[in-house]
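Everything below concerns the one structure shown next.
The values are calculated or read from the model by the stated rules, or taken from the named source; none is laboratory data. In this text, all values refer to a predicted model and were calculated from it rather than measured experimentally. Virtual Cβ from ideal backbone geometry, glycine too; neighbours counted across all protein chains shown. The accessibility values were calculated without ligands, DNA or RNA, using every heavy atom of the protein model including side chains. Shrake-Rupley method; radii C 1.70, N 1.55, O 1.52, S 1.80 Å.
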Amino acid sequence: MTVVGIFLFILLLALLIFLFLKQLWSRRHLPPGPLALPLIGTLWADGFSFREDYFHKHVKRYGNIYSMWTGPQLLVVLSGFKAVKEGMTSFPEEFSNRLEEPFFTALGKGRGIILSNGHNWKQQRHIGVTSLRKLGLGKKSIEHQIEDIAQTLGEIFRQTKGQPFDPTFQIQHATYNVICSLTYGYHFAPEDENLQKFIQALEIIVKFPGDFFHLMYNVFPRLMSYLPGPHKEALASVDLVVPFAKQEIEKHKESRTLHEPQDFIDYYLLQMEKSRNDPDSTYSEENLVQCILDFFSAGTDTTLTTMKWALLLLTNYPDVQEKVQKEIEDVFGFSRSISYQDRKKLPYTNAVIHEMQRFKYALLIGLPRQSTKDVKMRGYHIPKGTIIVPDLRSVLLDPEQWETPEEFNPNHFLDKDGKFLNREEFLPFGLGLRSCVGEQLARIEVFVFLTNLLRAFSFRLPEGVKELNEAPVAKLITHPQPYKLCAIPIQA
């Protein structure tokens, strides 16, 4: 190597050391975290795909508030009940924005409820909350629809005649029909070709976040726009689901039932009419389409996952299943259907359902936020624009809050007298201004589905199977591994 070559090498090395030290100095007030490398940030330390312990493994080393980097983008992770509660309640406005990252921006274009911000978000969330309430959330009207769907689900299970089957398709169709009832005002038949195309396209969109290509798209958006991969398929799927929603909107406009609204589209179109002369109104057909897609994307796959975990756990823990069935039989017999209001009469059943959602949480984390201004939390500086990750899984598994966090234990939700115990630490639907709009709907749906199935069937392992696999498929939505079970009819 020549003298010039040696000089250039030393100069380059010195420059890299200088940049590294400069980076450490500029980030000295941030929460601690793994070393961030140029371009890839901390991805080297966490792998390029999600695992169940993706966020949890850093807590022991860095504490319950720590930094990660996706390229140049800073993420601050809040782990455990105390840190998550402090972040979401002490800084409700500061941590209220949804993150503006390349893939989600391309996906939602800042519309709807889930991916919007500011005035637009407040108006879309308002119409979502008020319309669900008016449609009878918590009243008999919506419960009747869910009970009807639960009865249909039971009839489909009965057709398996006690033979091993994968319940995914049946539950998926039921969860979609709940959202169809609320959004469109009617159900679809299981074999409906348009619904199946819609489900398949939406599945592609929902399953993409957390994928390696998702991470790469956000780090190198311009480059990835020229490269093939599942990101192309996910964005193309949006073009398939949007016309489906638009078609339903046109049907509702032609039906002329706006002043006697029957579903979410009716309520939204009525609000558009009322706000026609309001210059600040964000109610539009473009936002309505995105709200519809938000309801389906947020209200179907998570409930499907919750139900699949519930049936898996009931099958793996037959003693718990039998105790639930005995409580249901002792209180109601076989005389009538069970409504959500009946949960107060079924403390053990209610505890089991809550414990299922705690023990096998449907999401890897809570949906990320983005800070709207500089914040100081626990002595650390969190700059404006930082992605805030509330690790809800860590809350539900927090050893400081739960007696046996790594075990399936319904006693977490029972007091010493066997009465149901509400727990502040039970946060599967989030906390603060961005908590789940459909929380009450999801609670009703899971309770009614499970109680009506458990009074009709005993769920058993297929012959020769000792236990169903409880290891999750770790993406943003943590599905169980594929499995089969047997639904054995109970004779009334």
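A few notes on this one:
- Whole-number Å³ per residue for the convex hull built on Cα positions in the stretch 365-410: 88
- For the stretch 386-492, size of Cβ-based charge dipole, Lys and Arg +1, Asp and Glu -1, in debye: 520
- Here the stretch 306-437 is assigned +1 on the Cβ of each Lys and Arg and -1 on the Cβ of each Asp and Glu. Its dipole about the Cα centre then comes out at about 760 debye.
- Axis angle, to the nearest 10 degrees, between helix 301-316 and the longest C-alpha principal axis of the chain: 70 degrees.
- Rounded percent of accessible protein surface that carbon and sulfur make up, the chain, 1.4 Å probe: 57
- Mean accessible surface per residue for the chain, computed with a 1.4 Å probe while every protein chain stays in place, in Å²: 47
- Mean ellipticity per residue at 222 nm, deg cm²/dmol - from DSSP H runs of n ≥ 4 across the chain, formula -39500 (n - 2.57): -15500 deg cm²/dmol
- Selection among His29, Leu115, Leu476 by position relative to the dipole of the chain gives His29 as farthest towards the positive end (Cβ unit charges, Cα centre).
- Legend: calculated FRET efficiency, Gln73 to Val129, from the Cβ-Cβ distance at R0 = 35 Å, rounded to 0.05, equals 0.70.
- Unit charges at the beta carbon, dipole of the stretch 311-437: most positive-side option, Asn350, Asn411, Leu392: Leu392
- Ordering Gly299, His126, Asn218 by Cα displacement along the dipole of the chain toward the positive end leaves Asn218 in first place; charges were set at the Cβ atoms of Lys, Arg (+1) and Asp, Glu (-1).
- Cα-based helix-to-principal-axis angle, 140-158 vs the chain, degrees rounded to 10: 80
- Each peptide in 166-174, 299-307 gets a packing score, the mean of other Cβ atoms within 10 Å over its residues, and the list from highest to lowest is 299-307, 166-174.
- For the stretch 206-274, the number of Lys pairs separated by eight or more positions or lying on different chains, with C-alpha atoms closer than 22 Å, is 4.
- For q = 0.09, 0.13 Å⁻¹, Debye-computed log10 I/I(0) when each Cα of the chain counts as one equal scatterer: -0.67, -1.35
- Relative to the globular-protein estimate of 2.2 N^0.38 Å, the Cα radius of gyration of the stretch 334-420 stands at 1.53.
- FRET efficiency for the Glu250 to Gln491 pair, using the beta carbon distance and R₀ = 45 Å, is estimated at 0.40.
- Dipole moment magnitude, nearest 20 debye, the chain about Cα centre, only Lys, Arg, Asp, Glu C-beta charged: 1160
- Per-bin percent of Cα-Cα distances, the stretch 273-386 [10 Å]: 10, 23, 22, 22, 17, 6, 0
- The stretch 292-370-the stretch 196-263 distance, computed between alpha-carbon centres (Å): 28
- Among the GluC sites (Glu not before Pro) in the stretch 348-418, those placed in a DSSP loop whose Cβ has at most 13 other Cβ atoms within 10 Å are Glu400, Glu403, Glu406, Glu407.
- With both residues required to sit in the chain, DSSP beta bridges show an antiparallel share near 80%.
- Here the peptides 447-455, 374-382, 61-69 are ranked by packing, the mean other Cβ count within 10 Å, and the order with the highest first is 447-455, 61-69, 374-382.
- Taking 18 Å as the straight-line reach from the Cα of Lys60, the aspartates and glutamates in range (excluding those fewer than 8 positions away in the same chain) are Asp46, Glu52, Asp391, Asp398, Glu400, Glu406.
- For the stretch 430-492, GluC sites (Glu not before Pro) meeting the loop criterion (DSSP other than H, G, I, E, B) and having at most 15 other Cβ atoms within 10 Å: Glu463, Glu467, Glu470.
- Using the alpha-carbon positions of the stretch 216-317, Rg (one decimal) and Dmax (whole number) come out as 19.1, 59 Å.
- 0 to 90° range, to nearest 10: angle between helix 264-274 axis and the chain longest Cα axis: 70
- Sparse-neighbour loop sites [trypsin sites (Lys or Arg not before Pro); the stretch 157-250; at most 16 other C-beta within 10 Å; DSSP]: Lys161
- Taking label positions 7 Å along the Cα-Cβ direction at both Ala106 and Glu260, the computed distance is 4.6 nm, reported to one decimal.
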